[in-house]
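Let me begin by presenting the structure, written as structure tokens, before commenting on it.
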Amino acid sequence: MTTRKKMDLKDKLLSSFIAFENNVDLDHPVHEVRSEAIKNFETKGFPSKKEEAWKYTSLNNLQKVDFSIFPKQEAALDYKEIKKYFLHEIDTYKIVFIDGVYSSYLSETTHDGVDVCLLSAALTKPQYKQIIDVYFNKVASKDESLTTLNTAFSREGAYIYIPKNKAPRKPVQIIHFATGNEAALMLQPRNLIIVEENAEVQVIERHQSLTTNEVFTNSVTEIFAGKDAHVDYYKMQNDAKTASLIDNTYIAQKDKSVVRVHTFSFGGKLTRNNLNFYQNGERIDSTLKGVTILGEKQHVDHHTLVHHAQPNCESHQDYKGIFGEKSTGVFNGKIIVDQIAQKTNAFQQNNNILLSDKATINTKPQLEIFADDVKCSHGCTIGQLDEDALFYLQSRGIPKKEATALLMYAFANNVLESVRIPELKTRINKIIANTLGVRVGFDL
Amino acid sequence: MLEIKNLHASVEDKKILKGINLEVKPGEVHAIMGPNGSGKSTLASVIAGKEEFEIKKGSVSLEGEDLEELAPEERAHKGIFLSFQYPVEIPGVTVTNFMKTAINESRKARGLEDMPANQMLKLIREKSELLEIDRKFLSRSLNEGFSGGEKKRNEIFQMAMMEPKLAILDETDSGLDIDALRIVANGVNKLRGKDNAIIVITHYQRLLEYIVPDFVHVLHDGKIVKSGSKELALELEEKGYDWIKQETVV
């Protein structure tokens, strides 16, 4: 019997990178990007609470877990058992991964005028080389340690390419299942989404662990929106309470493009969303919305960045949070307005309700404005429910408990107005209602 | 039906009601008039059960049952309805969903099943027609972006839906133009019957031309200083509240 000394996660990742290199094409230009990235991670390591950006989110416990970096065996899943995790009410393209491995029988990809397929294909097949050269790792940070960790291991994920004036016939779902075949599994999906001039796409992303075995996902998504492009991206974070997610999303927008990202955080143990918008053109519209409803000891940290680098652009941020039991929330919204970015309209709103004395929220707007003719507004509130509204509902015969739930439902639900897939909206509606104990079914 | 005896009430130790006596019998309409700050809205809130008001002395009872220990929703279940002077805006809850929840919660409290959907629809259609409310209006968020008149009409629509035993209309006429006033008054009058009662709180006599009261009471400095028939309202309109104030001093 051999005993193995438990390695810490950073060391394990560094040594795994050597094994990883045995399985990829070392002559491919992307591999140079990976090598640079692993060096950055090696120098920086995991972020600690000493860093301002990680003051309220600790990764210490995750680093103590002996995660498998590569799953040892392929797993299969029966669609019937996992159907509920799909937005199956409507027809969609699907890119599905099981324990990090692409599952062709659960997926539905396309090359019909648009590409909805795998990053692994795009990284290796010659016909994609030109696009990869232009876009891959071009907006993702080359400096932030977890992003570079993902870049180092980047091999698989979703690849969506919508050429000029095109729109796929239906939305795309990207779903990652973790089966629990590994006692603890680390996943590092990498998505690349390119939406060219006047093109359009709607994407729903979900990470779902099917057991109570620990899962740690460190994901990076790059989105490029060309002139007049429209992108709607929905992040459904309703994972098992033993799953942790670090979501790093980087978005580059050109003139008059509209990108909306909605993040729905209900599940998971620890979730960190690093959502970064870079506006590289005029008359751009960026929308960032979130609903977070937590209980137990759940933790969700939203770090947003909107960088206004050109004049006449807008950004709209609206995050609502409801925190019960011992849950903790963080909202840090950074807005940078460059000197050249005159006539910027930047709005930021973060409203929170604490349901228990032991729940906490740390909310912080961070505005760096170098232009003088701009409209920037921000508001953070932390509070209980409006007493007058509560009395109004009670006076109509709705008991205090139900009235409270109904008000919270209304508070959270308000963010859903901009969801443009009705079936998804209904789904999220129901999740919110169930989480808060409101009887919905009252839709006429 | 409603019996108020020597009612003293305070908010944050500020005495507002200073000994009110009032009895309202089934089938009656009472008007309560008085200058600003005389305690009219406080009286309405105390009857409906708003927590920030504290009963210091005296009692309020409905059909012989003391209300003091009852939560606002329990009072609603017993048939008390308050039409708010300033209805609260609740984004995210539609008028229809709100009414369905209110009606079914009240039914639940009485041990009844949820109202079947088709019956609910029929009721909503009937009552919204009574108040000349557009169907589109019903799927909007409760009071959000409503004009003053729309808010008041919506209050009376809710009253029509709930069919209360005792309705208290707190300044329902404020913010209404003459057409809206007529619609609202018509709605209220349709609900008058021998088994229910209405308290109309108003600053002006105008509404009382449409909702004709059996009794008029004048509230001043937390007390009812004068009671009379509907002619008292006309007298007040003519002479103003100073007349009452002076008379009280004398």
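Each value in this text was obtained by applying a stated rule to the coordinates, not by laboratory testing. Just so it is clear, the structure is predicted and the values come from calculations on it, not from any experiment. No Cβ is skipped: glycine too gets one built from the backbone with ideal geometry, and neighbour counts run over all protein chains shown.
Ranking B:Ile32, B:Pro116, B:Leu82 by Cα position along the charge dipole of the stretch B:2-239, where only Lys, Arg, Asp and Glu carry charges on their C-beta atoms, puts B:Pro116 farthest toward the positive end. Rounded to the nearest 5, the antiparallel percentage of DSSP beta bridges internal to the protein assembly as shown is 20%. Taken as Cα centroids, the stretch A:288-358 and the stretch A:62-85 sit 31 Å apart, rounded to the nearest whole angstrom. Remark on A:Gly281: its backbone amide H falls under 5 Å from those of A:Ala309, A:Gln310, a criterion applied only to residues 5 or more positions apart or on other chains, H modelled at 1.01 Å from N. For B:Val46, A:Val134, A:Val195, B:Val24, the sequence from fewest to most other C-beta atoms within 10 Å is A:Val134, B:Val24, B:Val46, A:Val195. Take each residue in B:72-79, count the other chain C-beta atoms within 10 Å of its C-beta, and the mean is 5.
For the stretch A:155-171, the Karplus equation 6.51 cos²θ - 1.76 cosθ + 1.60, evaluated at θ = phi - 60°, returns couplings of 8, 9, x, 8, 10, 10, 10, 10, x, 3, 6, 9, 8, x, 5, 8, x Hz by residue, with Gly and Pro reported as x. Using Cβ point charges alone (K and R +1, D and E -1), the dipole size of the stretch A:390-444 about the Cα centre works out to roughly 100 debye. Mean separation of Cα pairs under 8 Å and 6 or more residues apart, divided by the residue count, gives the stretch A:282-345 a relative contact order of 45 percent. Structure remark: mean-square fluctuation, Gaussian network model of chain B, C-alpha springs under 10 Å; the largest value among B:Val200, B:Val212, B:Val188 belongs to B:Val212. The phi torsions of the stretch A:65-75, fed into the Karplus equation with coefficients 6.51, -1.76 and 1.60 and a -60° offset, translate into couplings of 7, 8, 6, 7, 8, 10, x, 6, 9, 7, 10 Hz, rounded to whole numbers, with Gly and Pro shown as x. For the pair B:Lys136 and B:Trp243, the difference between a 0.36 nm per residue extended length and the Cα-Cα distance amounts to 33.8 nm. Measuring nothing but how far apart in sequence close Cα pairs (under 8 Å, 6+ apart) lie, relative to its length, chain B scores a relative contact order of 28 percent.
Near the amide H of A:Val306, within less than 5 Å, lie the amide hydrogens of A:Phe277, A:Lys334, A:Ile335, A:Ile336, all on another chain or at least 5 residues away, with H placed in the peptide plane. Each residue of the stretch A:37-49 is assigned a 3J(HN,Hα), and the resulting list reads 5, 5, 5, 4, 5, 4, 5, 8, x, 6, x, 10, 5 Hz, derived from the Karplus form 6.51 cos²θ - 1.76 cosθ + 1.60 (θ = phi - 60°), x at Gly and Pro. Positive end of the dipole of the stretch A:293-444 (Cβ unit charges, origin at the Cα centre): among A:His303, A:Ile428, A:Ala389, the Cα lying farthest that way belongs to A:Ile428.
Residue order for B:Arg107, A:Arg206, A:Arg396, fewest other beta carbons within 10 angstrom first, comes to B:Arg107, A:Arg206, A:Arg396. Taking other Cβ atoms within 10 Å as a rough exposure proxy, A:Cys376, A:Cys313 sort from fewest to most as A:Cys376, A:Cys313.
Rounded to the nearest 500, the helix-only mean residue ellipticity at 222 nm of the protein assembly as shown stands at -8000 deg cm²/dmol, with each DSSP H run of n ≥ 4 adding -39,500 (n - 2.57). When the square roots of the Cα gyration tensor eigenvalues are ordered a ≥ b ≥ c, the ratio a/c for the stretch A:1-71 is 1.5 or more and a/b does not exceed b/c, which makes its shape oblate.
Taking amide H as placed 1.01 Å from N in the peptide plane, the amide H of A:Leu118 sits under 5 Å from that of A:Tyr159, each at least 5 places away or on another chain.
Counting only other chain Cβ atoms within 10 Å of each residue's Cβ, the peptide A:385-391 averages 5.
The chymotrypsin sites (Phe, Trp or Tyr not before Pro) of the stretch A:299-408 meeting both criteria, a DSSP state outside H, G, I, E and B (loop) and at most 13 other C-beta atoms within 10 angstrom of the site's C-beta, are A:Phe370. Taking chain A as a Gaussian network, where each spring joins two C-alpha atoms under 10 Å apart, which residue of A:Val215, A:Val258, A:Val300 fluctuates the most? Evaluated over chain A, the most mobile residue of the options is A:Val258.
Ranking B:Tyr241, B:Ile201, B:Ala160 by how far each Cα lies toward the positive end of the dipole of the stretch B:102-250 (charges on Cβ) leaves B:Ala160 at the top. The charge dipole of chain B, taken about the Cα centre with unit charges on the Cβ atoms of Lys, Arg (+1) and Asp, Glu (-1), comes to about 320 debye, rounded to the nearest 20. Tell me whether chain A comes out rounded, prolate or oblate; compute the Cα gyration tensor, take square roots of the eigenvalues as a ≥ b ≥ c, and use a/c under 1.5 as the rounded threshold. Rounded is the answer for chain A, as its axis ratio a/c remains below 1.5.
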